[in-house]
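Each remark here refers to the structure printed beneath this line.
The values are calculated or read from the model by the stated rules, or taken from the named source; none is laboratory data. Note that the coordinates shown come from a computational prediction; the quantities given were computed from them, not determined experimentally. Neighbour counts are summed over all protein chains in view; Cβ atoms, including those assigned to glycine, are modelled from backbone coordinates with ideal geometry. Side chains are part of the model used for accessible areas, which takes the heavy atoms of the whole protein and leaves out ligands, DNA and RNA. Shrake-Rupley method; radii C 1.70, N 1.55, O 1.52, S 1.80 Å.
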Amino acid sequence: MASVASMDYYGPMKHRFLVATALALAFSGGCALAQPAVSAVTMTDTPPPLPASGSSELHDKVATAQLMYELLLGEFSFAKGDAASAHRFMLDAARRTNDEALYRRATEMAIQSRASTAALTAVRAWRLAWPDSVAANRSELQVLLALGRIPETQATLQAVLRTMPKTEQTAFMAALPLLYASAQDKNQAAQIVEHVLDDARKDPQTAAAAWTAIGRMRLQAGNQTGAYSAAVLGQIAESDAEWPALLALQLLEEGLPRAEALVLRHLTGKSPSSDVQLGYARLLAEQNRFKQAHQQLGLLLQRDASQAGAWLMQGLLYEQQGDAERAERALSRFLVKFPADEENRASLARADAARIALARIAENKGQFARADKLLQEIESPGNVFGAHMQRATLLARQGHIDEALALLDDIEEYQPGDARLKLQAKAQLLRDNGREQQSYDLLKAALERNPGDQDLKYDLAMVAEKLGRPAEMETLLRQIIAQNGDAHNALNALGYTLADRGEKLDEARALIERAVQIDPDNAYIQDSLGWLEYRQGNQQEALRILEGAWRKSQDPEISAHYGELLWLSGQQQRAREVWREGLRLDPQNKVLEETLQRLKAAL
């Protein structure tokens with residue numbers, strides 16, 4: 001018979017009937033306990049005592065039976081919701097047998113039951129019994145972090161690194177900023193990690209990863225300069241390592257231009273990282289540096305043609321630039337080269353992104369049937385709902401309003417908020433297709449059922465404006481702002497409305513500037529600010545702001561405003577280009593149509 005201490009706990013506990021079988025085997029051979037095995041779990045919470053005398057074999061059998069009894073009792077207690085008893089039985093068994101699997105199970109029970117004190121007791125007992133166990137040390141670190149006992153993590157973190165194989169340390173250090181992300185005192189957490197990694201940052205094998213972890217911890221603490229210094233030191237320690245370059249890329253995204261040199265230094269080195277290059281291309285695209293983004297993607301694909309994300313980004317970039325023909329070729333090639341794997345969510349999502357972009361291109365060309373076919377091929381759960389919503393929009397654009405409404409009613413709801421999204425989509429569809437009163441009635445009824453819903457109230461305000469009820473719109477927007485002073489959409493809408501009317505311009509500025517503070521990168525809010533500057537006679541400032549808004553978002557209404565200021569400033573050819581782009585995006589946009597008619601501008 002195997003000794004009790006060497007038993008594999010997880011084997012017998014996979015199936016409860018194996019435990020019962022072990023008990024029966026232990027009782028065979030003439031051994032009898034005070035209580036029958038069948039009724040033991042329901043009759044007592046105290047395990048039967050060992051006999052005072054007997055053979056060694058008998059003691060081994062009884063000890064095994066007692067242990068199995070406790071394990072079974074612990075699991076039954078846990079299943080019935082008595083976590084305290086379950087944890088106690090399991091921890092007691094772990095201490096008597098010194099079985100690491102039982103320590104692990106006792107800790108898991110306490111954690112799953114959200115018994116923080118019990119979890120800490122179990123994991124510390126585990127670590128005390130097994131001081132060189134990586135699992136025990138990591139579990140204690142996680143429990144301490146969950147409890148917010150950050151100062152106590154220093155010794156445990158040191159123990160984790162001491163017991164962990166060097167081959168695993170790089171990945172672990174990279175995960176440290178995420179592990180400490182919930183720490184309230186970010187500076188304290190950064191200091192602890194930096195102190196613990198003192199040796200690692202001096203070791204050539206781990207220096208780059210250590211400095212990167214230190215840099216990200218500093219960044220979480222708001223120390224951007226310190227984070228940059230760590231990225232520099234990490235790159236000096238290992239010039240080709242991707243970790244410091246990824247940190248530099250993060251700093252560049254957060255608005256530190258000098259970090260770009262570190263990214264480029266890595267990408268022009270001997271072993272550039274595909275992740276760094278793809279991330280850098282994405283960032284360049286977000287900054288509208290399309291030529292440089294295409295250059296990086298070209299270099300990446302020349303080096304590694306299997307990078308599906310790079311092929312997809314190339315096609316999406318062409319679409320964003322308005323180059324429909326090249327975008328269509330690139331995206332179609334991507335779908336052929338990388339057919340969707342139905343077992344792989346990332347693969348499905350990439351294929352769907354390509355189809356959605358191709359559907360937009362087809363819609364803009366007036367190829368509604370092709371666009372609808374592409375949208376029907378969308379498969380990933382996160383995109384199916386939106387694809388059907390877009391199909392309804394396609395029907396509406398062809399004048400099939402009732403069919404579009406019926407399609408919206410039939411769309412399967414995946415998430416709790418989908419029902420409201422469907423209602424809002426119906427309201428917008430009605431509003432944008434000459435059925436403003438129906439839209440108003442639908443939203444009014446929904447708002448009466450949910451009077452505190454700010455989104456419904458905002459939509460109702462937009463419909464009231466369409467119906468020529470500016471006073472009602474203003475009242476609704478002011479109600480939203482009174483409920484939530486950070487409702488940037490309502491702040492922006494009210495500010496823009498006042499500015500467009502030329503009324504209460506000081507209040508309009510206060511409202512729009514508050515919206516800018518809340519959402520500084522929102523192109524639509526910047527458009528409102530630019531329009532306000534124009535209304536107040538600051539034409540050059542207005543032109544500067546609207547140009548920035550247009551770069552961020554090629555929206556038809558932004559094109560109307562930006563084009564108007566270009567026209568008035570004498571840049572009529574440029575104005576026509578901007579308006580043409582706006583009409584390409586939405587040939588029936590009423591704001592754009594009204595602007596062209598008012599200015600008598602011929603395209």
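This table checks each residue for (1) in contact (Cβ under 8 Å) with a residue 24 or more places away in the chain; (2) closer than 17 Å to ALA560 by Cα; (3) exposed (fewer than 15 other Cβ atoms within 10 Å of the Cβ).
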residue	(1), (2), (3)
GLU474	no, no, no
LEU477	no, no, no
ILE480	yes, no, no
ASN484	yes, no, yes
HIS488	yes, no, no
GLN539	yes, yes, yes
ILE545	no, yes, no
ALA549	yes, yes, no
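Determine whether ALA181 is free of Cβ contacts under 8 Å to residues at least 60 places away in the same chain, buried (at least 21 other Cβ atoms within 10 Å of the Cβ) and not polar (S, T, N, Q).
no
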Original post:
Is it true that some residue in segment 296-306 is in contact with a Phe, Trp or Tyr (Cβ under 7 Å, 6 or more places away or on another chain), surrounded by 14 or more Cβ atoms within 10 Å (Cβ to Cβ) and among the polar types (S, T, N, Q)?
Top reply: yes
Subject >> Any hit, segment 310-325, residues being in a helix (DSSP H, G or I), on the phi < 0 side of the Ramachandran plot and open to solvent by 70 Å² or more (accessible area, probe 1.4 Å) >> reply: yes
Original post:
Does at least one position in segment 555-564 carry a residue that is surrounded by fewer than 16 Cβ atoms within 10 Å (Cβ to Cβ) and farther than 25 Å from ALA362 by Cβ?
Top reply: no
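Just a yes or no: is a residue in segment 260-278 closer than 26 Å to ALA359 by Cα and open to solvent by less than 20 Å² (accessible area, probe 1.4 Å)? Spell out how you get there, then give the answer.
Filtering segment 260-278 down to residues closer than 26 Å to ALA359 by Cα leaves 278.
Retained after the next criterion (residues that are open to solvent by less than 20 Å² (accessible area, probe 1.4 Å)): none.
Looking for residues that are closer than 26 Å to ALA359 by Cα and open to solvent by less than 20 Å² (accessible area, probe 1.4 Å), one finds none in segment 260-278, hence no.
Residues to consider are ARG514, ARG535, ARG598, ARG501; find the one that is at pLDDT 95 or above, more than 23 Å from ASP323 (Cα to Cα) and of a type in the set (Lys, Arg).
Details: ARG535 fails: at pLDDT 95 or above; ARG598 fails: at pLDDT 95 or above; ARG501 fails: at pLDDT 95 or above.
Of ARG514, ARG535, ARG598, ARG501, the one residue that is at pLDDT 95 or above, more than 23 Å from ASP323 (Cα to Cα) and of a type in the set (Lys, Arg) is ARG514.
Before we move on, is LEU442 open to solvent by less than 20 Å² (accessible area, probe 1.4 Å) and either out of contact with any His (no Cβ under 8 Å at 6 or more places or on another chain) or on the phi < 0 side of the Ramachandran plot (or both)? Explain how you work it out, then say what you get.
Working: open to solvent by less than 20 Å² (accessible area, probe 1.4 Å): no; either out of contact with any His (no Cβ under 8 Å at 6 or more places or on another chain) or on the phi < 0 side of the Ramachandran plot (or both): yes.
No.
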Original post:
Any idea which of (1) surrounded by fewer than 17 Cβ atoms within 10 Å (Cβ to Cβ); (2) under 26 Å from the mean Cα position of the chain (by Cα); (3) closer than 18 Å to LEU467 by Cα is the one GLY434 doesn't satisfy?
Top reply: (2)
Subject >> Which numbered condition LEU429 fails, given (1) surrounded by 20 or more Cβ atoms within 10 Å (Cβ to Cβ); (2) over 30 Å from GLY452 (Cα atoms); (3) not aromatic (Phe, Trp, Tyr) >> reply: (2)
Original post:
Is there any pair linking a residue in segment 498-522 that is closer than 18 Å to GLY485 by Cα and open to solvent by less than 50 Å² (accessible area, probe 1.4 Å) to one that is outside any helix (DSSP H, G or I) and modelled with pLDDT under 90, with Cβ under 9 Å and at least six apart or on different chains, and which?
Top reply: ASN522/SER553
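Determine, yes or no, whether ALA351 is of a type in the set (Gly, Ala, Ser), without any contact (Cβ under 8 Å) to a residue 40 or more places away in the chain, open to solvent by less than 20 Å² (accessible area, probe 1.4 Å) and in contact with a Ser or Thr (Cβ under 7 Å, 6 or more places away or on another chain).
Details: of a type in the set (Gly, Ala, Ser): yes; without any contact (Cβ under 8 Å) to a residue 40 or more places away in the chain: yes; open to solvent by less than 20 Å² (accessible area, probe 1.4 Å): yes; in contact with a Ser or Thr (Cβ under 7 Å, 6 or more places away or on another chain): no.
Judged against the criteria, ALA351 is not a match.
When residues of segment 361-383 are filtered for being of a type outside the set (A, V, I, L, M), within 19 Å of LEU585 (Cα to Cα) and surrounded by 18 or more Cβ atoms within 10 Å (Cβ to Cβ), how many remain?
Here is the first cut: in segment 361-383, the residues of a type outside the set (A, V, I, L, M) are 363-368, 370, 372-373, 376-377, 379-383.
Add one more test, that the residue is within 19 Å of LEU585 (Cα to Cα), and what stays is 363-368, 370, 372.
Still in the running and surrounded by 18 or more Cβ atoms within 10 Å (Cβ to Cβ): 363, 372.
Adding up the residues that qualify gives 2.
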Original post:
From the residues in segment 446-456 that are farther than 19 Å from GLU413 by Cβ and over 28 Å from the mean Cα position of the chain (by Cα), which one is most open to solvent (accessible area, probe 1.4 Å)?
Top reply: GLU448
**OP:** Out of the residues in segment 205-256 that are free of Cβ contacts under 8 Å to residues at least 24 places away in the same chain and either of a type in the set (S, T, N, Q) or in contact with a Ser or Thr (Cβ under 6 Å, 6 or more places away or on another chain) (or both), state the one that is most open to solvent (accessible area, probe 1.4 Å).
**Re:** THR225
